[in-house]
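Read the figures in this text as sums done on the coordinates, not as results from a lab. Just so it is clear, the structure is predicted and the values come from calculations on it, not from any experiment. Reconstructed Cβ throughout: ideal geometry from the backbone, glycine too, with neighbour counts over all protein chains shown.
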Protein chains: 2
Amino acid sequence: MNGHPAPSARTRVRRLPDRGHYDAGTIAAIVDAASVCTVAFQHEGAVHALPTIHWRDGEHLYIHGAKASRMLKALTAGDACVTLCMVDGLVYARSAFHHSMNYRSVVIYGRFEIIDDPDEKTRRLRPLIEKFATGRWDELRPMTLKELNATSVLRIPLSEASAKIRNAGVKDDDEDMQWPVWAGVVPIESKRGTPLTDPDSVVREIPYQQLK
Amino acid sequence: MNGHPAPSARTRVRRLPDRGHYDAGTIAAIVDAASVCTVAFQHEGAVHALPTIHWRDGEHLYIHGAKASRMLKALTAGDACVTLCMVDGLVYARSAFHHSMNYRSVVIYGRFEIIDDPDEKTRRLRPLIEKFATGRWDELRPMTLKELNATSVLRIPLSEASAKIRNAGVKDDDEDMQWPVWAGVVPIESKRGTPLTDPDSVVREIPYQQLK
């Protein structure tokens, strides 16, 4: 992927601009680390936003859903704004004003396009499964044409996107440094727990290294 | 808080309606458990969405930010849509089609109002600090008028909101139950890590029970 030379008027980070990042590698890494995004769109003059699972393949973010859904129909009619955010820590300062969070977020602007061709659709769904278990797609009962037809796959380019990252310690005003209150950072970690094998699963041992 | 008798046209869960919840207690619990929401709004005909920290006080969701920010100015000019979502597990089915996630999400529609009075603003900011460390507000260096004036506090009522929850195991088609692939649920847990005391912190012991 190529680096983005400059932010657009929509993606330029205006508040605390030193937290802004526009290079494709940084944006891709945050998109990959998140499980869900929020898709905001306009429909009949009103604003709507819905959380949904996403995945990345090359220079696009993909979403999918039931073909009949209101969101997917409205998405190709106008521009959308996709956001995702992960909280990495809580920052406890000596003043309320300097409390903060460590986080990684991405905002994407653009127009979704629908993947219509069933073969391409199958190919584009594969990395969604592989994101959560490498090697699993080929082990699954293959998708039927009926299932494929009931599923919409959409993608939005990552070309107009910005990332915002805070990854730092406590920043207080000089005159507050001696204030007698605990100051520090509490990390927040998202962790996979112990897998719960389905009671009816024929295979009892989980084969994926990343889930062990 | 009172239960909501029925969803509005905007908040009724249309896809998989059995996952929809409209009672105030369920919605409040999900709002409280999440650290960040996404605020979607329209500005000069375009859709925008930004992740931001939030807190709840009674029947409102609160956000805050720098007074000069574009988002906060645009928010009171039209309706907004606030979403939040926590992923609780990954559901590995025998078919790609039945893969799913366990999650708790909330979507809120409405208009933000600005809290202008400095005294009320101070009172409304308190639960944000207390959300992450009970008892901390009174220990902090008190807010200055300059800081208060630089901070906008806004709130949106939780009266037009819906929750969507999936909390279940694997659901496959009967004819797929013998398919030789591992099926199960991998829980996702968001956990606080070991607090990192600021090197210059006068107080070295963390006093909050919830962070220990």
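Taking θ = phi - 60°, what integer Hz values does the Karplus form 6.51 cos²θ - 1.76 cosθ + 1.60 yield along the stretch B:73-90, in sequence order, with x for Gly and Pro?
After applying 6.51 cos²θ - 1.76 cosθ + 1.60, I find 5, 6, 5, 8, 8, x, 6, 10, 10, 9, 10, 8, 8, 10, 8, 9, x, 10 Hz.
Cα atoms only: what Rg and Dmax, in Å, come out for the protein assembly as shown?
Cα only, the protein assembly as shown: 22.1, 70 Å (Rg, Dmax).
Of all DSSP beta bridges located in the protein assembly as shown, what percent are antiparallel, nearest 5? Could you put the intermediate results ahead of the total?
Details: 103 of 107 bridges.
Taking every DSSP beta bridge within the protein assembly as shown, about 95 percent pair in antiparallel fashion.
Out of the stretch B:12-78, which trypsin sites (Lys or Arg not before Pro) are coil in DSSP terms and have no more than 15 other C-beta atoms within 10 Å?
Listed in order of number, the matching sites are B:ARG12, B:ARG14, B:ARG15, B:LYS67.
Tell me, which longest segment in chain B has none of the GluC sites (Glu not before Pro) that fall in DSSP loops with at most 13 further Cβ atoms within 10 Å?
In chain B, the maximal stretch lacking such sites is B:45-204.
Please average, across the residues of A:22-34, the number of beta carbons from any other chain that are within 10 Å of each residue's own beta carbon, and give a whole number.
Mean partner-chain Cβ count within 10 Å for A:22-34: 0.
Between A:THR197, A:ALA161, A:ALA96, whose Cα lies farthest towards the positive end of the dipole of the protein assembly as shown when Lys and Arg beta carbons carry +1 and Asp and Glu beta carbons carry -1, centred on the Cα centre?
Going by the Cα projections, it comes out as A:ALA161.
I need the inter-copy label distances for A:ALA66: point set 7 Å along Cα to C-beta, values in nm with one decimal, smallest first.
Spacings between copies for this position, smallest first, are 4.3 nm.
Compute the helix-to-body angle for A:118-132: its Cα long axis versus the longest principal axis of chain A, expressed 0 to 90° and rounded to tens.
Between the helix axis and the principal axis of chain A, the angle is about 40 degrees.
Can you tell me, using C-alpha contacts under 8 Å and at least 6 residues apart, the relative contact order of the stretch A:23-140 as a whole percent?
Relative CO of the stretch A:23-140 lands at 22 percent.
Suppose every Lys and Arg Cβ carries +1 and every Asp and Glu Cβ carries -1, with no other charges. What dipole size does the protein assembly as shown come out with about its Cα centre, to the nearest 20 debye?
In debye, rounded to 20, the protein assembly as shown gives about 360.
May I ask for the angle, rounded to the nearest 10°, between helix A:24-33 and the longest principal axis of chain A, with both axes built from Cα atoms and the value confined to 0 to 90°?
Once rounded, the angle reads 70 degrees.
Using the alpha-carbon centroid of each, what span in Å lies between the stretch B:180-212 and the stretch A:22-65?
The distance from the Cα centre of the stretch B:180-212 to that of the stretch A:22-65 comes to 27 Å.
If you count, for every residue in B:92-103, the Cβ atoms of partner chains within 10 Å of its Cβ, what is the mean?
Mean inter-chain Cβ contacts per residue within 10 Å come to 6.
List, in the order given, every pair from A:LYS164/B:LYS191; B:LYS171/B:LYS191; B:LYS191/B:LYS212; B:LYS67/B:LYS146 whose Cα-Cα distance in the structure shown is over 19 Å.
A:LYS164/B:LYS191; B:LYS171/B:LYS191
Among residues other than B:ALA183 whose Cβ falls under 15 Å from its Cβ, what is the net charge (Lys/Arg +1, Asp/Glu -1)?
Every neighbour counted, the sum reads -4.
Rounded to the nearest 500, what is the 222 nm mean residue ellipticity of chain B from helices alone, with -39500 (n - 2.57) per DSSP H run of 4+ residues and division by all residues?
Mean residue ellipticity at 222 nm (helix-derived): -5000 deg cm²/dmol.
Could you work out which residue, out of A:LEU90, A:LEU128, A:LEU154, moves most in a Gaussian network model of chain A, that is, has the largest mean-square fluctuation with Cα springs under 10 Å?
A:LEU90
Full-extension gain between A:HIS43 and A:VAL203, please, as 0.36 nm times their residue separation minus the C-alpha to C-alpha distance. Write out the running numbers ahead of the final one.
Working: separation 160, 0.36 × 160 = 57.60 nm, distance 4.51 nm.
Full extension from A:HIS43 to A:VAL203 adds 53.1 nm.
Treating only the Cβ atoms of Lys and Arg (+1) and Asp and Glu (-1) as charged, compute the dipole magnitude of chain A about its Cα centre; round to the nearest 20 debye.
Taking the Cα centre of chain A as origin, the dipole is about 300 debye.
Looking only at other chains, what is the average number of their beta-carbon atoms within 10 angstrom of each beta-carbon in A:55-64? Can you show the working numbers first?
Values: counts 0, 0, 0, 0, 0, 0, 0, 0, 0, 0.
If you average over the peptide's residues, the count of other-chain Cβ atoms is 0.
Work out the length of the dipole vector of the stretch B:7-123 about its Cα centre, built from +1 on the beta-carbon of each Lys and Arg and -1 on the beta-carbon of each Asp and Glu, and round it to the nearest 20 debye.
Charge dipole of the stretch B:7-123: 560 debye, to the nearest 20.
When the Kirkwood hydrodynamic radius is evaluated over all pairs of different C-alpha atoms of the stretch B:125-209, what value in angstrom, to one decimal, is obtained?
For the stretch B:125-209, inverting the mean 1/r across all distinct Cα pairs yields 19.2 Å.
Defining the label point at 7 Å along Cα→Cβ, can you sort the distances from B:PRO199 to the same site in each other copy, shortest first, in nm?
Listed shortest first, these distances are 5.6 nm.
Which distances in nm, rounded to one decimal and ordered from shortest, link the label point of A:GLY78 to the equivalent label points in the other identical copies, with labels set 7 Å from Cα toward Cβ?
Shortest to longest, the spacings are 0.7 nm.
In whole percent, what relative contact order does the stretch A:58-212 give with Cα contacts below 8 Å and a gap of six or more residues?
Averaging sequence separation for qualifying contacts and normalising by length gives 34 percent for the stretch A:58-212.
Normalised by the empirical 2.2 N^0.38 Å for globular proteins, what value does the Cα Rg of chain A take?
So the Cα radius of gyration is 1.23 times the expected 2.2 N^0.38 Å.
Taking the Cβ of A:ILE30 as the center, what net charge do the other residues with Cβ under 13 Å away carry, scoring Lys and Arg +1 and Asp and Glu -1?
+2
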